[in-house]
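Worksheet for the structure shown next.
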Amino acid sequence: MIKKVAWMHYPIDDLNANTLTNKILNFHEKYNFDFIKVSTNSNSICNSFGINRSFCNSMYGSYAKNTIPYDPNLLLNSYTHLNSVHDFSLLSENIIAHKYISSKTAKPTYATVYSPIYHLKSMLGDVISVEDVLKHHRMLSFLTKITKEYILELQKIPHAKIYYCVFVSNNKFCNYKIFQESIIKYDKECIDKIIGNNNIIHFHKCQDFINEYVQLGKFKFISSDTATDELIQNIFNSYPNLYFIGGLNSNSFNNYTELINRLDYLKKLYYNKNFIIGPDCTLPINIEPTLLKTLANYE
């Protein structure tokens with residue numbers, strides 16, 4: 001038997017715990033996938049610093065990138081009331097949503113947690129360099145503190161697991177030496193707070209330093225939104241005890257024939273192996289319900 005999962009973003013609805021939980025629970029009641037991933041608003045931290053990102057009608061339900069560079073030190077000096085995770089209104093909404101969803105299901109429920117470097121990148125106008133990481137240690141240390149607190153709060157909730165998103169784990173951003181010395185330490189601090197190993201590590205457009213995260217021992221599942229079939233096979237060969245989640249990109253959902261052909265291909269390669277069919281990042285928000293049913297019922 002081959003396992004299947006799916007999730008999507010709910011722009012605008014993800015600003016409120018009630019609307020988000022209704023969307024997610026309705027989705028899973030309808031399609032009954034193997035676990036639940038709660039896709040929360042990616043601007044949940046920056047929002048409290050006055051950085052607003054509106055929905056941009058993207059096919060994946062993402063928000064427009066912030067293009068205005070802010071001074072992280074000035075933000076810290078101006079928003080001195082932000083001291084703990086509970087001071088961030090959208091993080092609090094996310095926690096409430098997770099609590100309610102968890103009370104309605106016994107399935108593993110994965111909470112999306114973004115790397116502190118992702119939030120710094122957003123503050124800087126969606127552009128970041130190694131020099132920025134080195135320069136803004138003060139803000140990164142604060143973002144790491146809040147992310148650790150967020151992880152700890154989420155893990156108090158029954159069934160809650162972590163879906164941790166990494167963003168600059170590649171040699172285009174920096175070489176391995178710099179990555180080890182100055183970049184991964186913020187993620188390591190956060191990941192150290194994760195309990196157990198039944199969690200997901202997601203690589204966003206980066207896979208060069210996968211091993212540096214796998215060896216932390218907190219993840220049973222790997223996913224990547226730019227995973228070619230070759231990369232998937234390489235991950236299987238390198239980490240035979242871990243599961244890979246993915247295999248479906250936006251093209252897979254163009255029509256029924258393309259979806260069935262892709263599902264048959266994945267089943268042929270990975271049946272009874274550590275593979276879970278799912279989106280490489282998230283489902284298109286305008287996906288045809290009949291295609292979702294096809295995925296959910298596929299055997």
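Out of the residues in segment 17-40 that are in contact (Cβ under 8 Å) with a residue 24 or more places away in the chain, in contact with a helix residue (DSSP H, G or I) (Cβ under 6 Å, 6 or more places away or on another chain) and not hydrophobic (A, V, I, L, M, F, W, C), state the one that is most open to solvent (accessible area, probe 1.4 Å). By that ranking, first place goes to Y31. Only residues that are in a strand (DSSP E or B) and within 24 Å of Y60 (Cα to Cα) were counted in segment 214-242, giving 4. Would you check which residues across segment 127-160 are charged (D, E, K, R) and assigned to a helix (DSSP H, G or I) and list them? Within segment 127-160, E131, D132, K135, R138, K145, K148, E149, E153 meet the criteria. Residue check: S224 meets all listed conditions (1) surrounded by fewer than 18 Cβ atoms within 10 Å (Cβ to Cβ); (2) touching a residue at least 40 places away in the same chain (Cβ under 8 Å) but one, namely (1). Looking at N43, N47, just one residue is touching a helix residue (DSSP H, G or I) at 6+ places or on another chain (Cβ under 6 Å) and either assigned to a loop (DSSP other than H, G, I, E, B) or open to solvent by 20 Å² or more (accessible area, probe 1.4 Å) (or both), and that residue is N47. Could we say that N249 is over 19 Å from the mean Cα position of the chain (by Cα), closer than 30 Å to F167 by Cα, open to solvent by 30 Å² or more (accessible area, probe 1.4 Å) and in contact (Cβ under 8 Å) with a residue 24 or more places away in the chain here? Judged against the criteria, N249 is not a match. On the stretch given as segment 131-161, residues that are modelled with pLDDT under 95 and open to solvent by less than 50 Å² (accessible area, probe 1.4 Å) total 1. The sole residue among S122, S115, S169 that is of a type in the set (G, A, S), in contact with a strand residue (DSSP E or B) (Cβ under 8 Å, 6 or more places away or on another chain) and modelled with pLDDT under 95 is S169. Take the conditions on the phi > 0 side of the Ramachandran plot, exposed (fewer than 15 other Cβ atoms within 10 Å of the Cβ) and polar (S, T, N, Q) and apply them to N241. Does it pass? Criteria not met by N241. Look at S54 and say whether it is of a type in the set (S, T, Y) and open to solvent by 10 Å² or more (accessible area, probe 1.4 Å). For S54, the condition - of a type in the set (S, T, Y) and open to solvent by 10 Å² or more (accessible area, probe 1.4 Å) - is met.
Per-residue answers, yes or no, for (1) open to solvent by 20 Å² or more (accessible area, probe 1.4 Å); (2) at pLDDT below 90; (3) in a loop (DSSP other than H, G, I, E, B); (4) farther than 26 Å from T144 by Cα:
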residue: G196; (1), (2), (3), (4): yes, no, yes, no
residue: N211; (1), (2), (3), (4): yes, no, no, no
residue: I245; (1), (2), (3), (4): no, no, no, yes
residue: T257; (1), (2), (3), (4): yes, no, no, yes
residue: D264; (1), (2), (3), (4): yes, no, no, yes
residue: G278; (1), (2), (3), (4): no, no, no, yes
residue: T282; (1), (2), (3), (4): no, yes, yes, no
residue: I285; (1), (2), (3), (4): yes, yes, yes, yes
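Of all residue pairs spaced 6 or more apart or on separate chains, those with beta-carbon atoms under 6 Å, a first member in segment 260-273 that is free of Cβ contacts under 8 Å to residues at least 24 places away in the same chain and a second member that is of a type in the set (S, T, N, Q) and open to solvent by less than 70 Å² (accessible area, probe 1.4 Å) are R262/S252.
The values are calculated or read from the model by the stated rules, or taken from the named source; none is laboratory data. Quantities reported herein were computed from a predicted structural model and do not represent experimental measurements. FYI the Cβ positions are ideal-geometry reconstructions off the backbone, even for glycines, and counts take in every protein chain you see. Just so you know, the surface numbers come from the protein's heavy atoms only, side chains and all, with ligands and any DNA or RNA stripped out. Shrake-Rupley method; radii C 1.70, N 1.55, O 1.52, S 1.80 Å.
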